[in-house]
Amino acid sequence: MTLHLQPVRVATCSEDSDGQLVFVDGFLVAVLVQLSGQHGANAGMWFLEAGFGLTAVMSAPLFLDVDAAQDWIGLHLGIKRIGA
């Protein structure tokens, strides 16, 4: 199994609209959104806007970057990212 990212704009009703769809073997497993400047010190970090299946958790951490988010998703799905 491998993770694949696809950039997307997400309608979050806030300034946070830059996102990534995360697929595993063609299945959508998560939607990540990058936090905007309105979040102060957390600006630029990534948030799990939506998780599906094993990534559907009540509370996910903020991620420093997309790589950290992919590592967290991979951990929950029991896969290791190529090149990680």
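Couple of notes before you dig in:
- Dipole magnitude for the chain: computed about the Cα centre from +1 point charges on Lys and Arg Cβ and -1 point charges on Asp and Glu Cβ, it is near 180 debye.
- Nonlocal amide H pairs with Leu3, under 5 Å, H built at 1.01 Å: Ile82
- Comparing His76, Val10, Gly51 along the charge dipole axis of the chain, the residue lying farthest to the positive side is His76, per the Cβ-charge model.
- Between Phe23 and Asp71, the distance separating the two model label sites (each 7 Å from Cα on the Cα→Cβ line) works out to 2.6 nm.
- The share of accessible area on the chain that comes from carbon and sulfur is 59 percent, using a 1.4 angstrom probe.
- For region 22-40, backbone nitrogen atoms closer than 14 Å to the point 7 Å from Glu49 Cα along Cα-to-C-beta are found at 22-23, 29-36.
- Axis angle, to the nearest 10 degrees, between helix 66-77 and the longest C-alpha principal axis of the chain: 40 degrees.
The values are calculated or read from the model by the stated rules, or taken from the named source; none is laboratory data. Since we're looking at a predicted model, the values are computed, not measured. FYI the Cβ positions are ideal-geometry reconstructions off the backbone, even for glycines, and counts take in every protein chain you see. Areas reflect the complete protein model, heavy atoms only, side chains present, ligands, DNA and RNA absent. Shrake-Rupley method; radii C 1.70, N 1.55, O 1.52, S 1.80 Å.
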